[in-house]
Amino acid sequence: MTERTELVEHGQLFIGGEFTDPLGTEVIEVISPHTEQVIGRVPHASEGDVDRAVAAARRAFDEGPWPRTGLDERIAVITRIKDAFAVRHEEFARLISAQNGTPYSSSVMVQALAAMMVWDSAITVARDFPYEERRDGVLGPLLVRREPVGVVAAVVPWNVPQFTAAAKLAPALLAGCTAVLKVSPETPLDAYVLAEIAEEAGLPPGVLSILPADREVSEYLVGHRDVDKVSFTGSVAAGRRVMEVASRNLTRVTLELGGKSAAIILPDADLEAAVAGIVPFAWMINGQACVAQTRILAPRSRYEEIAEAFAAAAGALRVGDPLDPTTELGPLVARRQQQRSLDYIKLGQEEGAKILTGGNRPAAQERGWYVEPTLFGSVDNSMRIAREEIFGPVICLIPYEDEAEAVRIADDSPYGLSGSVWTADTERGIDVARRVRTGTYSVNTFSLDMLGPFGGYKNSGLGREFGPEGYGEFFEHKMIHLPAGYREA
């Protein structure tokens with residue numbers, strides 16, 4: 001018997017660092033993807049609430065202490081936030097699993113502790129970042145400064161809500177920026193835990209607001225004239241719209257968008273290790289992850305062997321209640337996502353691909369937005385199921401002749417976010433990694449290291465998150481010319 005999440009209700013919004021009544025009366029109902037029942041209610045932020053939040057952030061940046069506070073003091077506040085994540089990580093994991101269907105067995109790490117690691121890694125980067133440096137210019141000495149960009153609009157999705165929020169808020173706040181976090185209507189409940197943590201950590205008034213709202217209110221926030229920087233994670237279509245709206249005010253943007261990443265299995269790979277390493281990250285978050293290894297490239301010389309091994313592993317995944325600790329694949333976040341996956345499964349069959357396992361709703365699940373873990377074989381990379389981001393538990397197994405063709409197929413995509421290669425020769429794997437045009441790559445493993453840059457080529461986005469490269473996205477650069485012959489005392 002799995003513990004169920006009781007109905008969670010919040011009547012206020014977190015604006016400018018305090019809980020306050022919303023201006024409107026509209027409510028967001030949070031629906032369990034497992035039971036299809038209401039599990040939460042929160043206010044739906046209005047455009048007026050956005051105006052209040054942005055005004056508070058503007059005042060806090062222009063007049064408040066946070067941008068002028070010493071780095072050590074900002075780090076102390078962010079450390080308290082990070083430490084609170086460690087204390088409340090199980091609460092985060094359970095809330096997020098209940099809202100978006102992530103199996104609790106992986107949610108503890110993927111949804112909660114990974115977010116804590118983002119906050120922690122940002123602190124490490126902030127300590128060593130070059131905020132100011134001296135240079136010898138052509139006409140005399142220069143002082144180059146990096147100063148906080150200003151008011152940040154952080155817009156995050158429902159699949160990894162706290163991980164993506166941390167990827168934006170941790171560097172923004174450490175840099176001295178103020179922020180308005182817009183959370184998805186599918187997963188607003190965990191955001192209230194973050195608000196409580198931020199309030200207790202001692203952020204000054206106005207520095208952080210958190211607003212649950214739909215796409216229309218997001219667009220209003222992104223286009224707000226008092227926002228200096230937008231950091232967005234979501235689909236390519238939404239990213240294009242964010243860029244279009246933000247461009248009206250020449251607002252700076254960072255976009256972390258979609259992916260159709262390829263895991264290349266070279267002929268010399270240890271198949272058991274490759275299956276064990278790829279399967280969790282092909283079907284991670286029930287296939288609802290931008291970095292998921294959704295194309296598996298197999299050499300024709302071993303194709304049948306590889307197909308059999310992956311079909312067996314996918315078919316053995318335990319499907320069920322996301323709050324059951326034995327579940328390995330849960331429901332999709334919403335009925336629309338379930339139908340999207342089922343439509344692509346039908347399309348793949350029409351295109352001539354062969355279902356090796358899955359392909360239906362699980363017979364054992366009488367309700368909930370479930371789709372079986374599905375593996376297609378006989379896939380050509382020109383098929384839509386191989387080119388378009390499905391964002392569901394549908395994976396393509398694609399054959400190749402030689403290494404050059406494997407790299408070509410991996411690169412033959414409008415995306416370039418992630419990828420991996422599996423081989424007995426690590427140096428050979430590194431050579432493949434250098435040749436594939438994608439922002440993040442792994443050799444005989446899969447990981448996202450928060451001390452390195454994360455982001456994509458092509459339609460997978462603009463800019464980077466994590467590491468000094470991601471931290472630098474929240475700064476403006478200023479050049480100060482000094483008189484010839486000047487030497488610092």
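The values are calculated or read from the model by the stated rules, or taken from the named source; none is laboratory data. Bear in mind that the values here come from a model prediction, so they are computed numbers and not experimental data. Here Cβ is always computed from backbone atoms with ideal geometry, including for glycine, and neighbour counts include all displayed protein chains.
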Practice problem: Find all pairs meeting these conditions: Cβ atoms under 7 angstrom apart; at least six residues apart or on different chains; first residue within segment 216-231 and on the phi < 0 side of the Ramachandran plot; second residue of a type in the set (Asp, Glu) and outside any strand (DSSP E or B). | Solution: Val217/Glu47; Tyr220/Glu47
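How many residues, within segment 356-370, are in contact (Cβ under 8 Å) with a residue 12 or more places away in the chain and either outside the structural domain of Gly320 (by TED's automatic domain parsing) or of a type in the set (A, V, I, L, M) (or both)?
The total comes to 2.
Hey, could you check segment 120-159 for residues that are charged (D, E, K, R), in contact with a strand residue (DSSP E or B) (Cβ under 7 Å, 6 or more places away or on another chain) and over 19 Å from Ile78 (Cα atoms) and say which is surrounded by the most Cβ atoms within 10 Å (Cβ to Cβ)?
Top of the filtered list is Arg146.
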Quiz prompt | Number of the condition not met by Ala364 [criteria: (1) at pLDDT below 95; (2) within 27 Å of the chain's Cα centre (by Cα)] | solution = (2)
Practice problem: Under 6 Å between Cβ atoms, at least 6 apart or on separate chains: pull out the pairs that start in segment 232-254 with a residue that is closer than 14 Å to Val155 by Cα and end on any residue that is aromatic (Phe, Trp, Tyr) and buried (at least 19 other Cβ atoms within 10 Å of the Cβ). | Solution: Val242/Phe232
Quiz prompt | For Thr102: the one exception among (1) crowded, with 24+ Cβ neighbours inside 10 Å; (2) within 19 Å of Ile197 (Cβ to Cβ) | solution = (2)
Self-check item: Of the criteria (1) part of a helix (DSSP H, G or I); (2) surrounded by fewer than 24 Cβ atoms within 10 Å (Cβ to Cβ); (3) in contact with a helix residue (DSSP H, G or I) (Cβ under 7 Å, 6 or more places away or on another chain), which one Leu221 fails
Solution: (2)
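Residue by residue, here is whether (1) in the same structural domain as Asp402 (by TED's automatic domain parsing); (2) in contact with a helix residue (DSSP H, G or I) (Cβ under 9 Å, 6 or more places away or on another chain) holds:
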| residue | (1), (2) |
| --- | --- |
| Leu417 | yes, no |
| Trp422 | yes, yes |
| Arg428 | yes, yes |
| Arg435 | yes, yes |
| Thr440 | yes, no |
| Val443 | yes, yes |
| Phe454 | no, yes |
Practice problem: Could you please find all residues in segment 427-450 being surrounded by fewer than 17 Cβ atoms within 10 Å (Cβ to Cβ) and of a type in the set (S, T, N, Q)? | Solution: Thr445, Ser447
Exercise. Taking Glu90 as meeting all but one of (1) under 21 Å from Glu328 (Cβ atoms); (2) surrounded by 19 or more Cβ atoms within 10 Å (Cβ to Cβ), write down the number of the exception.
Key: (2)
Exercise. Just need a number here: residues in segment 342-395 that are part of a loop (DSSP other than H, G, I, E, B), buried (at least 20 other Cβ atoms within 10 Å of the Cβ) and of a type in the set (Ser, Thr, Tyr).
Key: 1
Self-check item: Positions within segment 165-192 being over 22 Å from Arg94 (Cα atoms) and not in a helix (DSSP H, G or I), in sequence order
Solution: Gly176, Cys177, Thr178, Ala179, Val180
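To keep it simple, each residue is scored yes or no on (1) farther than 30 Å from Trp283 by Cβ; (2) out of contact with any Pro (no Cβ under 6 Å at 6 or more places or on another chain); (3) in the same structural domain as Gly368 (by TED's automatic domain parsing).
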| residue | (1), (2), (3) |
| --- | --- |
| Gly17 | yes, no, no |
| Thr25 | yes, yes, no |
| Ile28 | no, no, no |
| Gly64 | yes, no, no |
| Arg74 | yes, yes, no |
| Ile78 | yes, yes, no |
| Val108 | no, yes, no |
| Ala115 | no, yes, no |
Quiz item: In the set Thr35, Thr69, which member is touching a residue at least 40 places away in the same chain (Cβ under 8 Å), assigned by TED's automatic domain parsing to the domain that holds Gly223 and either surrounded by 23 or more Cβ atoms within 10 Å (Cβ to Cβ) or within 18 Å of Phe474 (Cα to Cα) (or both)?
Solution: Thr69
Quiz prompt | Pairs where the first residue, in segment 81-107, is among the aromatic types (Phe, Trp, Tyr) and the second is assigned to a loop (DSSP other than H, G, I, E, B), C-beta under 8 Å, 6+ apart | solution = Tyr104/Pro322; Tyr104/Leu323; Tyr104/Asp324; Tyr104/Pro325; Tyr104/Thr327
Exercise. Test each condition in (1) in a strand (DSSP E or B); (2) surrounded by fewer than 22 Cβ atoms within 10 Å (Cβ to Cβ) for Ser420 and report the one that comes out false.
Key: (2)
